[in-house]
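Novice: Please find one structure pasted underneath; my questions will follow.
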Amino acid sequence: MIEAELARAVSLRESGALDEARDLLLELSAAAPDDARVAYQTAWVHDALGLEREAVPFYVQALDGDGLTAVERRGATLGLGSTYRTLGQYAEAVNVLSAGALEYPADRALAVFLAMARYNLGDAKQAIAGLLDLLVDTSSDPEIQRYQRAIRLYAEDLDRIWS
């Protein structure tokens, strides 16, 4: 029962019927309050509707529970961190996104959102360093690759003056 209704709610969300998906997910959340997958999808639909504050407890519940796949857990981590950032809760965002970056080191989206949260927290140096590393790691631009060693050195210490 829960699985079929959860699949229907996800389908509704994916098709843009966000209010209908939200109504169904809130019903499912009440019926299965310990289901991490339901909590994750409920958080997601709240975020999609611009209801970030309402999304937070569902993200927390999803991450505290069991039953998420690695992909869902990564998505919930990114969702919670991004939502905290949107709400101006920058320290919480950095904490969640840093933990996510450690858990999923190959996830470039987590690195980008972490850089934004670090910037918002006033740590522009760490934010830029993270983005420079990300640029070198992901760019196929020949000029970026040509200067990758120098870019990585600058990422380590942007304030260093070379003599």
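The values are calculated or read from the model by the stated rules, or taken from the named source; none is laboratory data. What you are looking at is a predicted structure, and each value in this text was computed from that prediction instead of being measured. Don't worry about glycine lacking a Cβ; one is built from the backbone with ideal geometry, like all the others, and counts go over all protein chains shown.
Novice: Tell me which residues, restricted to the stretch 121-163, are at pLDDT 90 or above and part of a loop (DSSP other than H, G, I, E, B).
Specialist: L121, G122, D123, S139, S140, D141, Y147
Novice: Can you tell me which residue is farthest from the chain's Cα centre (by Cα) among those in the stretch 3-26 that are surrounded by fewer than 15 Cβ atoms within 10 Å (Cβ to Cβ) and within 14 Å of Y40 (Cα to Cα)?
Specialist: Applying the filter and picking the extreme gives E3.
Novice: In the stretch 85-136, which residues are exposed (fewer than 13 other Cβ atoms within 10 Å of the Cβ) and either assigned by TED's automatic domain parsing to the domain that holds V56 or more than 16 Å from the chain's Cα centre (by Cα) (or both)?
Specialist: G122 - this is the single residue of the stretch 85-136 that is exposed (fewer than 13 other Cβ atoms within 10 Å of the Cβ) and either assigned by TED's automatic domain parsing to the domain that holds V56 or more than 16 Å from the chain's Cα centre (by Cα) (or both).
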